[in-house]
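The values are calculated or read from the model by the stated rules, or taken from the named source; none is laboratory data. Remember, predicted model here, so these are calculated numbers, not experimental data. Note: ideal-geometry Cβ built from the backbone for every residue, glycine included; neighbour counts use all protein chains shown.
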Amino acid sequence: MEKKIGARSKLREHFLNNLGRVMDSAELRDVAGGITEWARRVRELRTEEGYQIQTHNDRSDLKPGQYLLENPTPQPAFERAISKETRAFVLDRNGFTCQMCGAVAGEPHPYDVSRKTRLHLGHIVDKSQGGTDDASNLRALCSVCNEGASNLTLERPSAQKLLIQVRRARGADQLELLKWLIQKFPIQARDLLDREEP
C-alpha cells in the first residue's frame with residue numbers, strides 16, 4: 001500500500017528541489033494538492049522546521065505572493081509547546097471568536113463563505129521577538145487572519161518610532177538589522193554606497 005504524502009512534505013520537497021528559484025502562490029497551492037491552508041504549511045516549514053523561506057517581507061525584490069528558498073539547511077526552529085489546557089483556556093476566554101475579524105468558530109467565515117471558521121492560537125508578541133506560550137500572550141485567530149490576510153490592517157509603526165527602537169537596541173542587534181536591510185534592499189543599498197564614494 002502506497003503511503004500518502006502530506007502537503008507540508010510535498011512543499012518541503014518542492015522548495016528543496018527548486019533552491020534559488022522564485023515561486024508564486026498558485027504554484028505552491030498546486031504542489032500542496034490545492035488545499036486552502038497551503039500558506040499555513042509554508043509557515044510551518046519556516047517556524048517549526050526552520051527553513052529560511054523568504055517573502056516580500058524579507059526582500060524588496062520579491063512581490064507579494066512570491067517565495068524563495070536559497071539555503072537547504074534549516075535554522076533552529078522555535079519549539080511550539082502550547083498545552084491542551086492553555087489552548088482550551090484561551091479559546092474559552094476569547095469566546096471561540098477570532099480576535100481580529102470577529103469570525104465565530106464553526107460558522108461560515110465572513111470573508112470566505114466557502115469554508116467554515118477554524119480557530120488557531122496566535123502569539124501577540126511573536127516567539128521570534130521573545131514572546132512566550134503563556135496564555136497572556138495568546139489569542140484566538142481564525143485561519144484567514146492567522147494566514148496573514150487581515151494582518152495588513154494592523155497599525156504599522158512610523159519611521160520615527162522604528163528609529164527610536166533601533167537607537168535603543170544593542171550594537172550587535174543594530175548590525176543584525178543592517179544585514180537584514182541590505183539583504184532586503186540590495187539594489188538600494190548599492191545605490192547609496194555608490195553615492196557616498198568620492
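Of everything in segment 170-189 that's aliphatic (A, V, I, L, M) and exposed (fewer than 13 other Cβ atoms within 10 Å of the Cβ), which residue is modelled with the lowest pLDDT?
Looking at the filtered set, the residue picked out is I187.
Name the residues in segment 20-45 that are touching a Leu at 6+ places or on another chain (Cβ under 6 Å) and not in a helix (DSSP H, G or I), would you?
V22, A32
If I ask for residues that are under 19 Å from R40 (Cβ atoms), of a type in the set (A, V, I, L, M, F, W, C), more than 21 Å from the chain's Cα centre (by Cα) and surrounded by fewer than 17 Cβ atoms within 10 Å (Cβ to Cβ), which ones from segment 81-121 would you list?
A105
So is T55 of a type outside the set (A, V, I, L, M) and within 30 Å of K184 (Cα to Cα) or not?
So T55 fits the description; yes.
Scan segment 100-114 for residues that are touching a helix residue (DSSP H, G or I) at 6+ places or on another chain (Cβ under 8 Å) and of a type outside the set (F, W, Y) and report the count.
Residues in segment 100-114 being touching a helix residue (DSSP H, G or I) at 6+ places or on another chain (Cβ under 8 Å) and of a type outside the set (F, W, Y): 6 in total.
Filter segment 143-164 down to the residues that are modelled with pLDDT of 85 or more and not aliphatic (A, V, I, L, M) and list them by number.
The one that is modelled with pLDDT of 85 or more and not aliphatic (A, V, I, L, M): Q160.
Return yes or no: is G33 surrounded by fewer than 16 Cβ atoms within 10 Å (Cβ to Cβ), closer than 19 Å to V144 by Cα and assigned by TED's automatic domain parsing to the domain that holds R139?
no
Can you tell me which of A39, A7 is buried (at least 17 other Cβ atoms within 10 Å of the Cβ) and in contact (Cβ under 8 Å) with a residue 60 or more places away in the chain?
The conditions single out A39.
Restricting to segment 65-119, give me the number of residues that are aliphatic (A, V, I, L, M) and outside any loop (DSSP other than H, G, I, E, B).
Of the residues in that region, 7 qualify.
Please tell me if R139 is basic (K, R), surrounded by 13 or more Cβ atoms within 10 Å (Cβ to Cβ), closer than 19 Å to A88 by Cα and without any contact (Cβ under 8 Å) to a residue 40 or more places away in the chain.
Spelling it out, it is not the case that R139 is basic (K, R), surrounded by 13 or more Cβ atoms within 10 Å (Cβ to Cβ), closer than 19 Å to A88 by Cα and without any contact (Cβ under 8 Å) to a residue 40 or more places away in the chain.
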